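A quick write-up on the structure given underneath.
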Amino acid sequence: MRLGARLARTAVLTVALAGCYTDRWTRHYQTVLELGAETDEPSAVLEESADDAARAAARQRRLEELATETEPIYRLNAGDKIEIRVYGHEDLSQQTRIGPDGTIGLPFIGQTQLSGLTIGEGAEKIRAGIAPYVKNPVVSITLTEVQSETATIVGACMHPGVYGISNSTRLADIYAMAGASAVRLYKGSDIDIADLDNSVVIRGDEILPVNVRLAVEKGDRLHNIRLRRGDYIHIAQSTESSVTVCGEVRSPCRRVYTPGMGLLETLAEAGWIADSHWSHIIIIRDGLVHPRMYKVDIDGILAGRCQNIALKAGDIIYVPKDDLSEYNVFVRKLLPTAQLYSLLSARVAPLAVD
């Protein structure tokens, strides 16, 4: 009995140790949380480091700061048209435009720098300048035309350029001013080429943590920020992103991402899945450096139990043979090749995967 009990304890310890070893080194695809058609922005991830969570929290705080920041005091700039009134001295009053160097010409005091001053500061500067020549001058400035409040939008939009903005102009507004997404001919049809998820908004030296797609397509108030003078928006092109299909498919390849691209049609372009595929397909998002992995019930989609999955730019679709045996091969051999994938993704032509 004593030997039997010892053997039983040994067996239990062996199973426990094996379980720990399996959990640490030999995970399988059952641990990957499922990506369903009902979740537009899935939050379930296989792994996420604390550092990633900290960066996400910092981005959220910055977005909240942008949403609640007060309107900056307007400062005169080159191109603005102003009306200067010197009460009781109509001969000194005038309408003028601030020159490219930020100055205007005035009687008595000549060229006067106004760029960078508030309206009140500009009026006081003129008053002080003419005070030796005019008794108790009273000066006011009225802003009649603003040309310096502009933001720039470039990239994959119909009409890139510099646009005038006001304190109520938001990110989605300037995207609409620019004609929204540019188009190109793809397989006989015009398609949008803007990759909004990879577009950026730059303010000064800072890339704002803004998702242009959420601003434009969802109207998200945190991301649909109010624009400020000098903001620079770059709308990325979908040709800069791709979707890669590999694993148990007949023709592994890379395809240029197009908005609205779905899983089934992408698999069809890859020659369809092989007979040996597992019941679920793995989708890797957010690149290979900090990948998020989801599993998709492909058998459920084919049987009509689930809806087709909309893909995102940069998705990697991996079709495994089964749940367990290929997981280690995939994680240890495919994921570490981020540098190689980056080099390959620079090419637009379909890429065969060995």
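The values are calculated or read from the model by the stated rules, or taken from the named source; none is laboratory data. Since this is a predicted model, take the numbers as computed values, not measurements. FYI the Cβ positions are ideal-geometry reconstructions off the backbone, even for glycines, and counts take in every protein chain you see.
A few notes on this one:
- Residue match in segment 226-246 (condition: outside the structural domain of A176 (by TED's automatic domain parsing) and modelled with pLDDT of 90 or more): yes
- I98 vs. criteria out of contact with any Asp or Glu (no Cβ under 6 Å at 6 or more places or on another chain), more than 25 Å from I225 (Cβ to Cβ) and of a type outside the set (D, E, K, R): no
- Only strands (runs of 3 or more DSSP E) whose full extent lies in segment 174-272 are considered here, and the ones with at least 1 residues that are without any contact (Cβ under 8 Å) to a residue 12 or more places away in the chain are 183-186, 189-192.
- Close pairs from segment 283-295: first on the phi > 0 side of the Ramachandran plot, partner at pLDDT below 70 and of a type outside the set (V, I, T), Cβ under 9 Å, at least 6 apart: G287/A338; G287/Y341; G287/S342
- Boolean, E121 is over 32 Å from the mean Cα position of the chain (by Cα), outside any loop (DSSP other than H, G, I, E, B) and modelled with pLDDT of 90 or more: yes
- Failed item in (1) at pLDDT below 90; (2) in contact with a Phe, Trp or Tyr (Cβ under 8 Å, 6 or more places away or on another chain); (3) among the small types (G, A, S), with S166 passing the rest: (2)
- Set S276, S325: member being modelled with pLDDT of 55 or more, part of a loop (DSSP other than H, G, I, E, B) and surrounded by fewer than 19 Cβ atoms within 10 Å (Cβ to Cβ): S276
- For E149, the test of being closer than 18 Å to S238 by Cα and charged (D, E, K, R) is failed.
- Residues that are in contact with a Gly (Cβ under 8 Å, 6 or more places away or on another chain) and charged (D, E, K, R), drawn from segment 247-270: R250
- Among the candidates V183, V216, V212, V201, residue that is within 20 Å of T70 (Cα to Cα) and either among the basic types (K, R) or not assigned by TED's automatic domain parsing to the domain that holds V86 (or both): V201
- Positions within segment 165-182 being touching a helix residue (DSSP H, G or I) at 6+ places or on another chain (Cβ under 8 Å), buried (at least 19 other Cβ atoms within 10 Å of the Cβ) and not hydroxyl-bearing (S, T, Y), in sequence order: I165, L171, A172
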